[in-house]
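The structure under discussion appears below in the form of structure tokens.
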Amino acid sequence: MKSNNIFKKFISFSLATLSVIFISNCKGESNQKTELIGLNNFETAKITQTQSLRNLAESAGMRMGTSVLINPLREDGTYREVLGREFNNLTPENAMKFGQLSTARGNYNFADADEIVAFAQNHNMQIHGHTLVWHRNLPDWFKNGQWSRQEAMKILREHIFTVVRRYRGKVTSWDVVNEAISDQGTLRDSIWLQTIGPEYIEMAFRWAHAADPKARLFYNDYNAEQLGKKSHAVYKLVQQLRQKDVPIHGVGFQMHTSIKKPPSSKAVSANIERLEKLGLEVKITEMDVKIHEDDKPRSEKLAAQAKIYQNIANVCLKAPNCNSLTTWGVADHWSWVPKFFNRTDAPLLFDEFYQPKPAYTALSETFYQNK
Ligand code: G3I
């Protein structure tokens with residue numbers, strides 16, 4: 001359990017020598033086994049295949065999530081196998097965004113999102129819906145239209161009700177509003193702010209709650225994990241929402257980070273702690289760790305990356321209000337990072353052959369030690 005640190009106190013692992021190897025070929029066969037080797041003073045400790053990352057996370061009181069793309073879900077059997085085996089939280093990476101769902105006003109195509117939801121249900125996974133209100137990935141019909149405040153409110157309300165109602169009881173939590181704060185710590189100048197005004201944020205939460213009163217509702221943002229201008233602004237925003245009794249249950253820390261600028265565990269902890277005092281949960285919603293910027297040998301870069309994943313897992317494990325860590329993609333070749341930055345990178349837990357990387361091992365160890 002999360003609170004049980006006795007295991008840690010009595011057994012001193014040398015993490016440097018602890019590694020997980022896959023005994024059989026790891027490219028998706030279902031008879032994979034993992035085994036811990038090089039354990040100091042604790043020879044009986046073993047992680048078997050029944051203790052996949054999702055099982056280890058669960059026994060430590062956490063959920064292990066990933067984002068999911070529809071193309072590999074449909075076309076790549078190994079992707080499906082790793083996804084179902086290793087993760088128990090699933091976030092549709094794009095399929096539930098307004099722009100993906102709605103090609104014309106009032107028209108919705110739920111085929112991709114439905115398929116992802118069905119996969120999650122068949123594999124006993126929770127779904128974190130992403131995202132109801134964002135300034136990006138909007139339908140052209142909306143982006144290019146001229147809307148009065150009343151019309152924009154009607155569109156937003158209809159969108160939220162249509163999507164949240166459809167997945168009521170299936171989607172456990174939602175990123176209701178995504179990235180509404182600018183890097184300067186002000187409200188982002190978006191089409192929502194321009195047409196509706198700052199109230200669009202609380203309206204969105206209230207409508208989402210009305211559409212599914214049981215869903216847990218989150219504000220989600222990047223570069224707001226540590227203490228600084230942006231996270232102070234996020235804090236102030238959610239504090240005001242709480243004061244107004246707006247139904248918000250938590251804050252998502254995206255955690256797109258890199259080995260060049262690793263997040264400070266202390267600062268992330270302090271930020272999680274102040275949100276706890278507001279009665280809010282925190283989820284690590286989109287974690288990836290870029291290694292490209294650094295000139296060190298690849299093995300060193302992967303070790304540094306592993307350490308960052310481990311540190312963030314530890315921060316979350318220690319916080320009573322943080323119970324879930326999601327990576328933004330299953331394997332490196334499906335990450336948004338190389339495409340977006342136009343250069344190679346390897347920010348996730350599995351490589352392009354679905355081999356587990358040191359970051360996978362580090363997370364396994366961390367969860368194992370916090371059983
Ligand atoms: O669906 C169209 C397809 O019809 C078309 O043929 C193709 C041509 O490029 O584009 C497809 O849309 C792409 C979409 O992903 C779905 O694949 C967009 O071009 C592409 O820009 C879009 O990128 C996504 C991005 O959000 C914008 O929505 C990334 O995959 C996704 O990883 C990224 O995720 C965001 C989170 O939602 C919020 N936080 C930051 C994170 C990273 O940017």
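If I model a spin label as a point 7 Å beyond the Cα along the Cα-Cβ vector, how far apart are those points for S265 and N342 in nm?
Distance between label points: 3.8 nm.
To check my understanding: the extent here is largest minus smallest coordinate of the Cα atoms along each principal axis. What are those three numbers for segment 220-273, in Å, largest first?
39, 17, 16
Quote the FRET efficiency, to the nearest 0.05, computed for S59 versus N107 with a Förster distance R0 of 41 Å and r equal to the Cβ-Cβ distance.
0.40
GNM on the chain, C-alpha springs below 10 Å: top fluctuator among R63, R54, R105?
R105
With +1 on the Cβ of every Lys and Arg and -1 on the Cβ of every Asp and Glu, and nothing else charged, how large is the dipole of segment 329-371 about its Cα centre, in debye rounded to the nearest 20?
Result for segment 329-371 is approximately 100 debye, rounded to the nearest 20.
List the chymotrypsin sites (Phe, Trp or Tyr not before Pro) in segment 98-128 that DSSP assigns to loop (not H, G, I, E or B) and whose Cβ has at most 12 other Cβ atoms within 10 Å. Which are they?
none
Would you work out the charge dipole size for the chain about its Cα centre, treating the Cβ of every Lys and Arg as +1 and the Cβ of every Asp and Glu as -1, and quote it to the nearest 20 debye?
The calculated dipole for the chain is roughly 880 debye.
Which value at 222 nm does the chain reach when only helices count, each DSSP H run of 4 or more adding -39,500 (n - 2.57), with the total divided by all residues and rounded to the nearest 500 deg cm²/dmol?
So the helix-based figure for the chain works out to -12000 deg cm²/dmol.
Most exposed first by the Cβ proxy, i.e. fewest other Cβ within 10 Å, how do D345, D295 rank?
D295, D345
How much space per residue, in cubic angstrom, does the convex hull of the C-alpha atoms of segment 173-236 take up?
84 Å³
For the charge dipole of segment 51-369, defined by +1 on Lys and Arg C-beta atoms and -1 on Asp and Glu C-beta atoms about the Cα centroid, which residue among H128, H249, N144 has the Cα displaced farthest towards the positive pole?
Farthest towards the positive pole: H249.
State the extension gain, in nm to one decimal, for the chain segment bounded by A118 and T162, taking 0.36 nm per residue of separation less the distance between their alpha-carbons.
14.0 nm
Give the percent of DSSP beta bridges with both residues in segment 62-175 that are antiparallel, rounded to the nearest 5.
The antiparallel fraction comes to roughly 10 percent.
Where the only charges are on Cβ atoms (+1 Lys, Arg; -1 Asp, Glu), what is the dipole of segment 176-305 about its Cα centre, to the nearest 20 debye?
The dipole of segment 176-305 has a size of about 280 debye.
Where does each of 279-285, 86-92, 296-302, 267-273 land if you order them by average Cβ count within 10 Å, highest first?
Averaged packing, sorted descending, gives the order 86-92, 279-285, 267-273, 296-302.
Any idea what the alpha-carbon Rg over 2.2 N^0.38 Å comes to for segment 51-369?
Relative to the rule-of-thumb radius for its length, segment 51-369 sits at 0.96.
So which residue, out of G252, G197, G129, gets the largest mean-square fluctuation from a GNM of the chain using Cα contacts under 10 Å as springs?
Per the Cα network of the chain with a 10 Å cutoff, G197 tops the list.
Of the DSSP beta bridges with both residues in the chain, give the percent that are antiparallel, rounding to the nearest 5.
Bridges in the chain that DSSP calls antiparallel: roughly 15 percent.
Which one, G250, G84, G169, has the greatest fluctuation when you compute a Gaussian network model over the chain with C-alpha springs under 10 angstrom?
G169
Taking Cα pairs under 8 Å and at least six residues apart, what relative contact order does the chain come out at, in percent?
Over the chain, the number comes to 18 percent.
Taken together, the values in this text are just the output of simple stated rules run on the coordinates, not laboratory data. These numbers come from a predicted model, not from an experiment. Counting neighbours? That spans all protein chains shown, and the Cβs are built from the backbone with ideal geometry, glycine included.
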